[in-house]
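Q: Here it is: the structure, laid out below.
Bear in mind that the values in this text are calculations on the coordinates, not laboratory data. Not measured: the values here are computed from a predicted model. Because the Cβ atoms are built from the backbone with ideal geometry, glycine has one as well, and the counts that use them run over all protein chains shown.
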Amino acid sequence: MHSLFNKINKQKFPRSFLPISYLLIALIFIFFGIFTVKGLYELGDITKKIYNHPLVVSNASINAALDIVKMHRSIKDALLANSSSEMELALNAVAQSEEDVDRQLNLIQTYIIGEEGKALEKKARQLFENWKPIRENVVKLLKSGNKKEAIAVTKKNGTAYVDKIELEMLALNSYAKENAGALIGDGMEIQSYFEKITLILLIAGVLSIAGIFILFIIAVAAFKFVANAKKSLQKASEKLEEMALQDGLTKIANRRHFDKKLQEEWRRMMRIKKPLSLVFFDVDHFKLYNDTYGHQAGDICLQTIANTAAPLFKRPGDLLARYGGEEFIVILTDTHLEGATALAEKLRHNIYRAEMRHETSPVSKFVTISCGVSSVIPDESTSHQVLLKAADDALYEAKEQGRNKIVSINLN
């Protein structure tokens, strides 16, 4: 079970998948957001054209007609000029009027609505473009001194074109006025249609913003979930590790923990050249205790011994462990044989004073323990196994001497 949790804990979540998914969803929402803004912009532009059409087209056509009349009058002024300077002023006025007509035609082209209106605008534009070569020819003749020929060309072609253009402008003006009501009616229908589109686009926009926000919340929740899952898994792993090193009955260290700790402290004491001691003890006649009081009472007895012993061994390097069955062992770092023996005696005394009844014990009416103590300053010539065997031998000797005894062995 422990190894399984370690394997799970080492597994890594596929981090590349989630960010790519989030990015794709975010791009979709951004696309809808851009589409919404673009749609609203186009809607505003179309609505503007619908409502501005009658006024803009009407005003532009009237202004264009006036500019054409002004342009034609300036041509006549140039033909009647008495000096070259007067002629230049008149021709400049012609050019300015021509630019004004161009600008008005561009406005009409921008805002005209309806096939008939577009056809009228196109015809007016074509007439105006056809007139430009005539005007250029007149200007050329004037500048070359052929005033009579220029007058003849103007009367024959120029005046006719100007009249036609003026008529088309007036036709555009009439079209705009006559169709204003119908266009506005159509505009209302179009507006209603676009209001629905606007609503859809606005909803899409809100959903886009909400979607990104929700996506952010989901991402945060997902990362939080992963973090919490890893944290929970880590805690579970640590708990399993703790359980693997802890005796289930007494809640003190188990044999595995003891073996690991003994090797670590052996190396540490050897490095700093300090003594390392062991106190190996077990319950005297524990089988008789179980036979008399039952295994449940035996478990309580072992728990009481562990709880009584634990307060005596609280230093950072010390370790109290259940070695197996009714056997316990203590690691005492930086402790000489005399100090370890004194602690063993205090432990034996405290267990006896706990007054756990043991009526069938040949030693005492209360539960007692026997202790074996060993001590050494670790070096390369020996090992922790030698120290452990010495403590075991001392415990055996204490039992041989009648139990409820302490026997110590110094290996140095």
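Q: Relative to the Cα centre, what is the charge dipole magnitude of the range 255-410, using +1 at the beta carbon of each Lys and Arg, -1 at the beta carbon of each Asp and Glu, and rounding to the nearest 20 debye? If you can, show how the numbers build up before the last one.
A: Details: 22 positive and 21 negative charges, 91 e Å.
Approximately 440 debye in magnitude.
Q: Could you calculate the FRET efficiency of Asn130 with Glu86 from 1/(1 + (r/R0)^6), where r is the beta carbon distance between them and R0 is 30 Å, rounded to 0.05?
A: With R0 = 30 Å, the Cβ-Cβ based efficiency is 0.60.
Q: Arrange Glu166, Glu121 by Cβ neighbour counts within 10 Å, fewest through most, would you?
A: Glu166, Glu121
Q: Among Ser383, Ser144, what is the fewest-to-most ranking by other Cβ atoms within 10 Å? Write out the running numbers ahead of the final one.
A: Values: Ser383 14, Ser144 10.
If I rank by nearby Cβ atoms, fewest first, I get Ser144, Ser383.
Q: Then there is this: How large is ³J(HN,Hα), in whole Hz, for each residue of the range 282-290 in order, when computed from phi with the Karplus curve 6.51 cos²θ - 1.76 cosθ + 1.60 and θ = phi - 60°, using x for Gly and Pro?
A: For the range 282-290, the Karplus-derived couplings read 9, 7, 6, 6, 5, 5, 4, 4, 5 Hz, x marking Gly and Pro.
Q: Read phi for every residue in the range 380-392 and hand back ³J(HN,Hα) as whole Hz from Karplus 6.51 cos²θ - 1.76 cosθ + 1.60, θ = phi - 60°, with x for Gly and Pro.
A: Values, residue by residue: 5, 7, 9, 8, 5, 5, 5, 5, 5, 5, 5, 5, 5 Hz.
Q: The range 244-281 to the range 94-162: how many Å between their Cα centroids?
A: Each part's Cα centre sits 111 Å from the other's.
Q: If packing is taken as the average number of other Cβ atoms within 10 Å across a peptide's residues, how do 61-69, 92-100 rank, most packed first?
A: Descending mean neighbour count gives 61-69, 92-100.
Q: Right, another one. Longer than 28 Å from Cα to Cα, which of Lys251/Lys389; Lys122/Lys147; Lys231/Lys314; Lys118/Lys140 are they? Say none if no pair is.
A: On the way: Lys251/Lys389 25 Å; Lys122/Lys147 33 Å; Lys231/Lys314 30 Å; Lys118/Lys140 34 Å.
Listed pairs above 28 Å: Lys122/Lys147; Lys231/Lys314; Lys118/Lys140.
Q: At 0.36 nm per residue, and after removing the present C-alpha to C-alpha distance, how many nm does the segment from Glu116 to Ala342 gain when stretched out fully?
A: Values: separation 226, 0.36 × 226 = 81.36 nm, distance 11.91 nm.
Contour length minus the Cα-Cα distance gives 69.4 nm.
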